[in-house]
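So the structure is just underneath, and the comments pick up after that.
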Amino acid sequence: GANGGLYVNVHSNAFPSGEVRGQLAEVHDGDPSILTLEAMLTPEAEVVPPGGLEPAGVSDAMGTARITVDTLTQLYDAEINVDGIWPSQLAPVGGPAVNSPVHLHIGGPDENGPIAINTGAPGGDGSIQPLLTTDDTAMMA
């Protein structure tokens, strides 16, 4: 399962390695066929990469992430909300194949891990438009 092994990272122009981050934890909503993962996104959760110049915890941004997956149909819903970062300040990173400002990464709370899922691009209203695929949701389950 994904419990403890996935985190959400939001990249900005000011903090290309990540401005807010949160470890996804499984939440039990009563329906065993629904996988729900939630995270609080904070600057303090960022892990500065070796040789990185960006101190963790210096941003005022905060946010939340909630991802629900129907394990029977593989349909999903991803809601990522961040206050303190304008859409124009988001920085797509990860190369041409990923090129998104928001990713799910594989890794624990004290490590920087590889991008697992490209969650999409920011919408005009500041929301993040999810681009998960069936293969992605199978990995989360």
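Points to keep in mind about this one:
- Only one of the listed residues (G113, G108) is under 18 Å from F15 (Cβ atoms), modelled with pLDDT of 85 or more, of a type outside the set (D, E, K, R) and part of a loop (DSSP other than H, G, I, E, B). That residue is G113.
- Unmet criterion (only one of (1) buried (at least 22 other Cβ atoms within 10 Å of the Cβ); (2) touching a Pro at 6+ places or on another chain (Cβ under 7 Å)) for L41: (2)
- Within the range 66-87, the set of residues being open to solvent by less than 60 Å² (accessible area, probe 1.4 Å), free of Cβ contacts under 8 Å to residues at least 40 places away in the same chain and either part of a strand (DSSP E or B) or charged (D, E, K, R) (or both) comprises T68, D70.
- Taken as a whole, the structure places E79 among residues that are of a type in the set (D, E) and modelled with pLDDT of 75 or more.
- For the range 55-65, taking the residues that are open to solvent by 50 Å² or more (accessible area, probe 1.4 Å) and modelled with pLDDT of 90 or more, the one that is farthest from N9 (Cα to Cα) is identified as D60.
- Checklist (1) more than 18 Å from I117 (Cα to Cα); (2) open to solvent by less than 30 Å² (accessible area, probe 1.4 Å) applied to I34, failing item: (2)
- In this structure, G22 does not qualify as on the phi > 0 side of the Ramachandran plot and either open to solvent by 30 Å² or more (accessible area, probe 1.4 Å) or of a type outside the set (D, E, K, R) (or both).
- Considering the range 88-104, and only residues there that are outside any loop (DSSP other than H, G, I, E, B) and at pLDDT below 85, the residue that is most open to solvent (accessible area, probe 1.4 Å) turns out to be S88.
- Test: residue in the range 117-127 that is of a type in the set (D, E) and at pLDDT below 85: yes
The values are calculated or read from the model by the stated rules, or taken from the named source; none is laboratory data. Not measured: the values here are computed from a predicted model. As a convention, Cβ positions derive from the backbone with ideal geometry for all residues, glycine included, and neighbour counts pool all protein chains shown. Quick note on the areas: whole protein, heavy atoms, side chains included, nothing else; ligands and nucleic acids left out. Shrake-Rupley method; radii C 1.70, N 1.55, O 1.52, S 1.80 Å.
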